[in-house]
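Notes to accompany the following structure.
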Amino acid sequence: MSDNDRERCSVASTVNGDEGIALLSGLSKEELITIIVDDAKNWLAHDGLWFQAVEKRYGIDVAIEADIEAWRSFTVIEAKRIMERLGMKPGGGIPALVECLKHRLYARLNLQDVIEQSENRVIFRMLDCRVQSARKRKGLDDFPCKEVGVVEYTEFARTIDPRIRTRCIACPPDKHPDQFWCAWEFTL
C-alpha cells in the first residue's frame, strides 16, 4: 500500500468511513475548485430540471409555488451551514450577510457584487445569472424569478440576522438595466 493510499485510508476512518470524502483528501487545490464548481453546476441543473418537470405536469404557476416553498426551506439550511462553516452566530448584521452571500452555491456560478455598503445597508446585485444568461442566449424571455427571489433573499438574510429587512430593487419579470439581472437592498 502506498503512502497516499495509507493517508486516504486514515482520512476515511476519521470521516466515518465515507470513501467519497476520503477521496478528496489527496486532491490538489485546483482539483478541489473544479469539483466545487462542477457540484454547483450539477445542483443548478437539478434545480432547473426539477422545476421544468413540475411546470410541464402542472403549469408554471404551480411550479413557482413549489419553488417558493423549496427555497423557503433551502435558503435557511444554506445560510445556517455557511454560518457554521465560517464560525458565525446569528446577529452579525450587514457585514455577516455580505460575507455569507459570497459563500452561497450561486456565488460559484454567477457574477455578483455589493455596492453602497454601510453598517446598516447594502445593495446586492446579480450581474450575471447563469439561468437568465442561458435563456437570453436561447432567445427566451427572462425567467420571472422575483416571487421566488423575495422569499429566498428574505429568508437567507433573516437567518443571518433577524433584524435585516429585504427589499427587491428589480428582478425579472421587472425591467432591469443591462448591468444586472436583479438587485436587492438589505437594511438593518
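The numbers here are math on the coordinates, done by the rules we state, and not lab data. Keep in mind that this is a model prediction, so the values were computed, not measured. Because the Cβ atoms are built from the backbone with ideal geometry, glycine has one as well, and the counts that use them run over all protein chains shown.
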*Efficiency by 1/(1 + (r/R0)^6): what FRET value for residue 66 and residue 39, r their Cβ-Cβ distance, R0 = 30 Å, to the nearest 0.05?*
0.80
*Based on the Cβ-Cβ distance of residue 136 and residue 115, what FRET efficiency does E = 1/(1 + (r/R0)^6) give at R0 = 25 Å, to the nearest 0.05?*
0.60
*Can you give the helix-only mean residue ellipticity at 222 nm for the chain, where every DSSP H stretch with n ≥ 4 adds -39500 (n - 2.57) and the sum goes over all residues, rounded to the nearest 500 deg cm²/dmol?*
-18500 deg cm²/dmol
*J(HN,Hα) series, the range 115-123, from Karplus relation 6.51 cos²θ - 1.76 cosθ + 1.60, nearest Hz, glycine and proline x*: 10, 6, 7, 9, 5, 10, 7, 7, 10
*For the chain, what is the convex hull volume of the alpha-carbon atoms per residue, in Å³?*
155 Å³
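Which entries of 41/89; 41/175; 41/136; 89/146 show an alpha-carbon separation above 25 angstrom in the structure shown?
On the way: 41/89 29 Å; 41/175 27 Å; 41/136 18 Å; 89/146 28 Å.
Too far apart for the 25 Å limit: 41/89; 41/175; 89/146.
With a length cut of 27 Å (Cα positions projected on each helix's long axis) and a Kyte-Doolittle mean of at least -0.5, go through the chain and give me the DSSP H helices that pass.
29-58, 60-86
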